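Enquirer: Dumping the structure here so I can ask a few things about it.
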Amino acid sequence: MKLHIQNNFTTELPADSNEINVPRQVHQACYSYVLPKKPSNPSLIHASTEVANAISLSQEDLLSADFLNTFSGSTVYSGTKPYALNYAGHQFGNWAGQLGDGRAINLTEVVNEIKTLTLQLKGAGPTPYSRTADGFAVLRSSIREHLCAEAMHYLDVPTTRSLSLMLSGDQVLRDVMYNGNPAYEKGAIVCRVAPSFIRFGSFELFASRQDHVNLKLLTDFTIKHHFPHIKIEGVEKYLAFFQEVTQTTLNMIVHWQRVGFVHGVMNTDNMSIHGITIDYGPYGWLEDYNSGWTPNTTDSQHKRYRFGNQPEIALWNLYQLANSLYPLIEDAKPLEAILDTFSIDYEKQYLNMMQNKLGFQIKKEQDVVLIQSLTQLLEKVETDMTIFFRNLSNVTKNNTILTAFNSIKDAFYNEKDLDETILKGWHDWFEMYTIRINEEAHSNSERKEQMDQVNPKYVLRNYMAQLCIDDADKGDYALLNELFEMLKNPYDEQPNSQKWFAKRPDWARDKVGCSMLSCSS
Ligand code: AMP
Ligand code: MG
């Protein structure tokens, strides 16, 4: 197995001078060198062939002892020196100080013809940033990360990727619901892949410590290597960088709202500087459309990170990034001007995204009304978001209102909930919708084709991940393989997978792991 290694991050940025692996505050350093803990009996559960290809690894490599040893943290690949990142963050709106990679260890950067990628193990043991935790990850959360990161990629949502999922062979103690019932679970390790793992919190760390030297070093490094098209110098360079992060973050959120993804822990340490989804913890997928929903039980009281609040929180997080970059710019006005564009741009992009979901090629401003009344209706009774939008493409221009309505009827969890007022609401909405699609020039089949490219048929429903985890816990990975393959083509009709195009079963409604998840992973 040959990796084309590169070490820009560790060559150009300051390291912690202490290499002893004990929890501590680390000053004036972007990272600490640390070795993964040797797993007692590592085994490969699954690898993503496509991610392997992106780092020039073959199918054969995936089965090699070298691959197993490197990506389980058993041996250190020659010429590399693993390290954990130092960063800070705001958690649930509160300043949390230094956090850092408590259980993630960067192995190396690798280069292919077009880009640099960083390889990072998650769950490979404690680091100087582990604080009181153990540095490990359990199988259930590792399956959730591996499957979802790849599923998101194939849904065209910007994301970190996942190369591999391994068992460590060790046991890890976890109190899943934080209710005093700790139990041993199988330990696992995922190898995540991204251009870098630099987050908003990486900048917050130095800004909070008034360490402007390292703040500048890190920002210059980030721009030089990851935003190389920004050629200007001085204050303008930092503003261009901030503007781009604002735009890519916004773009990512619009995608989340399009597919019904709820991140669950949008803390600033979980916001990638690349505008890609990072850190798959207690995330979830909207089953019934409910803007107030969050899967994260830790957030059940205030629901700060609920579906409908994700754009607002992204902006809040961008404010924290702006504050951190301020010392390099020393002028709040241009930063505020960029932040002010967020809400306006979001409205525009959200409208455009929803128009695409509804199959409108002609973009009309009045569509806002149609979209608002739709999202209000969707909230009235439990209505499956994925099924609703996917089946909506079956409506045709000459449909009666009733036929159109019947196309999406499968999306209702309980038809008995549809009282007269709600039925009237749907009647009025479909009346508007059928008039609206008749204003479109493209044919029914063209519209369907376009809608089916933005309204997925298959997403990683919360209960599907849980079924897969239950099997994997018993050593059966058939379902994991099946779901992984299916989620590679989420927009395609897959007749053999029809059973996964279905509403959440009743047993999963309030089950831990399905609709309720904790941060304990
Ligand atoms: P998260 O909510 O997963 O983003 O984690 C927040 C912080 O806690 C990060 O600094 C993580 O590295 C750290 N952390 C989470 N779980 C563990 C663990 N099991 N061991 C060590 N650090 C952890
Ligand atoms: Mg995190």
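The values are calculated or read from the model by the stated rules, or taken from the named source; none is laboratory data. All figures in this text were calculated on a predicted structure; none of them were measured in a lab. Neighbour counts run over all protein chains shown; Cβ positions are idealised from the backbone, glycine included.
Enquirer: Considering only residues of the stretch 247-268 that are within 19 Å of Gln320 (Cα to Cα) and assigned to a helix (DSSP H, G or I), which is nearest to ligand 1 (Cβ to nearest atom)?
Expert: Thr268
Enquirer: Let me ask something additional. If Ile114 satisfies every condition in (1) over 22 Å from Asp476 (Cα atoms); (2) at pLDDT 95 or above; (3) away from ligand 1 (no atom under 14 Å from the Cβ) but one, which is the exception?
Expert: (2)
Enquirer: Test Pro311 against the criterion of being within 18 Å of the chain's Cα centre (by Cα), surrounded by fewer than 23 Cβ atoms within 10 Å (Cβ to Cβ) and within 29 Å of Lys457 (Cβ to Cβ), and give yes or no.
Expert: Spelling it out, Pro311 is indeed within 18 Å of the chain's Cα centre (by Cα), surrounded by fewer than 23 Cβ atoms within 10 Å (Cβ to Cβ) and within 29 Å of Lys457 (Cβ to Cβ).
Enquirer: If I ask for residues that are surrounded by 17 or more Cβ atoms within 10 Å (Cβ to Cβ) and in a loop (DSSP other than H, G, I, E, B), which ones from the stretch 14-34 would you list?
Expert: Matches in the stretch 14-34: Asp16, Asn21, Val26, Ala29, Cys30, Val34.
Enquirer: Separate question: Look at Val395 and say whether it is among the β-branched types (Val, Ile, Thr) and in contact with a strand residue (DSSP E or B) (Cβ under 7 Å, 6 or more places away or on another chain).
Expert: When the stated conditions are applied, Val395 does not pass them.
Enquirer: Which condition breaks for Gly201 when tested against (1) crowded, with 17+ Cβ neighbours inside 10 Å; (2) of a type in the set (Gly, Ala, Ser); (3) more than 26 Å from Ser324 (Cβ to Cβ)?
Expert: Here Gly201 meets the rest and fails (3).
Enquirer: State all residues of the stretch 483-521 that are among the small types (Gly, Ala, Ser) and more than 16 Å from ligand 1 (Cβ to nearest atom); if no residue qualifies, say none.
Expert: Answer for the stretch 483-521, where residues must be among the small types (Gly, Ala, Ser) and more than 16 Å from ligand 1 (Cβ to nearest atom): Ser497, Ala502, Ala508, Gly513, Ser515.
Enquirer: Could you grab the pairs with beta carbons closer than 8 Å, sequence gap of 6+ or different chains, first residue in the stretch 427-450 and surrounded by 13 or more Cβ atoms within 10 Å (Cβ to Cβ), second one in a helix (DSSP H, G or I) and hydroxyl-bearing (Ser, Thr, Tyr)?
Expert: Partner pairs satisfying both residue conditions: Asp428/Ser373; Trp429/Ser373; Met432/Ser373.
Enquirer: Which ones in the stretch 89-111 are within 9 Å of ligand 1 (Cβ to nearest atom) and either under 21 Å from the mean Cα position of the chain (by Cα) or of a type in the set (Gly, Ala, Ser) (or both)?
Expert: Gly89, Gln91, Ala96, Leu99, Gly100, Asp101, Gly102, Arg103, Ala104
Enquirer: For the stretch 4-13, enumerate the residues that are among the hydroxyl-bearing types (Ser, Thr, Tyr) and surrounded by 13 or more Cβ atoms within 10 Å (Cβ to Cβ).
Expert: The answer is Thr10, and nothing else.
Enquirer: What about Phe388, is it under 27 Å from Trp256 (Cβ atoms) and not in a helix (DSSP H, G or I)?
Expert: It is false that Phe388 is under 27 Å from Trp256 (Cβ atoms) and not in a helix (DSSP H, G or I).
Enquirer: Does the stretch 70-83 hold any residues that are assigned to a loop (DSSP other than H, G, I, E, B), away from ligand 1 (no atom under 16 Å from the Cβ) and either among the small types (Gly, Ala, Ser) or crowded, with 24+ Cβ neighbours inside 10 Å (or both), and which are they?
Expert: Ser72, Ser74, Ser78, Gly79
Enquirer: If you take the residues in the stretch 121-147 that are touching a strand residue (DSSP E or B) at 6+ places or on another chain (Cβ under 6 Å) and β-branched (Val, Ile, Thr), which one is nearest to ligand 2 (Cβ to nearest atom)?
Expert: Residue satisfying both the conditions and the ranking: Thr127.
Enquirer: What do you reckon, is Val51 in a loop (DSSP other than H, G, I, E, B), touching a residue at least 24 places away in the same chain (Cβ under 8 Å) and away from ligand 1 (no atom under 16 Å from the Cβ)?
Expert: Judged against the criteria, Val51 is not a match.
Enquirer: Considering only helices (runs of 4 or more DSSP H) fully contained in the stretch 118-229, which possess at least 1 residues that are outside the structural domain of Leu35 (by TED's automatic domain parsing)?
Expert: In the stretch 118-229, the matching helices (runs of 4 or more DSSP H) lie at 200-208, 212-226.
Enquirer: How do the pairs read when you match residues in the stretch 308-333 that are over 15 Å from Asn251 (Cα atoms) with residues anywhere that are part of a helix (DSSP H, G or I) and β-branched (Val, Ile, Thr), using Cβ under 7 Å and keeping only pairs 6 or more apart or on different chains?
Expert: The qualifying pairs are Gln320/Thr268; Leu321/Val245; Leu325/Thr219; Leu328/Thr219; Ile329/Val235.
Enquirer: Out of Leu328, Leu321, I need the residue that is part of a helix (DSSP H, G or I) and under 20 Å from Gly97 (Cβ atoms). Which one?
Expert: Result of the check over Leu328, Leu321: Leu321.
Enquirer: Right, here's the next one. Can you name the residue in the stretch 84-114 that is within 21 Å of Phe67 (Cβ to Cβ) and away from ligand 2 (no atom under 15 Å from the Cβ) and, of all such residues, is surrounded by the fewest Cβ atoms within 10 Å (Cβ to Cβ)?
Expert: Asn112
Enquirer: Does the stretch 117-157 hold any residues that are away from ligand 1 (no atom under 16 Å from the Cβ) and among the charged types (D, E, K, R), and which are they?
Expert: Answer for the stretch 117-157, where residues must be away from ligand 1 (no atom under 16 Å from the Cβ) and among the charged types (D, E, K, R): Glu150, Asp156.
Enquirer: Of all residues being near ligand 1 (Cβ under 10 Å from one of its atoms) and β-branched (Val, Ile, Thr) in the stretch 269-308, which is surrounded by the most Cβ atoms within 10 Å (Cβ to Cβ)? Just the residue, please.
Expert: If we take residues in the stretch 269-308 being near ligand 1 (Cβ under 10 Å from one of its atoms) and β-branched (Val, Ile, Thr), then Ile278 is surrounded by the most Cβ atoms within 10 Å (Cβ to Cβ).
Enquirer: Let me ask something additional. Could you count how many residues in the stretch 99-128 are out of contact with any Pro (no Cβ under 8 Å at 6 or more places or on another chain) and among the hydroxyl-bearing types (Ser, Thr, Tyr)?
Expert: Of the residues in that region, 1 qualify.
Enquirer: Answer yes or no as to whether Lys2 is within 15 Å of ligand 1 (Cβ to nearest atom) and either assigned to a loop (DSSP other than H, G, I, E, B) or of a type in the set (D, E, K, R) (or both). Steps first, answer last, please.
Expert: Values: within 15 Å of ligand 1 (Cβ to nearest atom): no; either assigned to a loop (DSSP other than H, G, I, E, B) or of a type in the set (D, E, K, R) (or both): yes.
Answer is no for this residue.
Enquirer: Among the residues of the stretch 268-315, what is the count of those that are hydroxyl-bearing (Ser, Thr, Tyr) and either more than 15 Å from ligand 2 (Cβ to nearest atom) or in the same structural domain as Leu99 (by TED's automatic domain parsing) (or both)?
Expert: Start the filter on the stretch 268-315 by keeping residues that are hydroxyl-bearing (Ser, Thr, Tyr), which leaves 268, 272, 277, 280, 283, 289, 291, 294, 297-298, 300, 305.
Now narrow it down to the ones that are either more than 15 Å from ligand 2 (Cβ to nearest atom) or in the same structural domain as Leu99 (by TED's automatic domain parsing) (or both): 289, 291, 294, 297, 300.
Adding up the residues that qualify gives 5.
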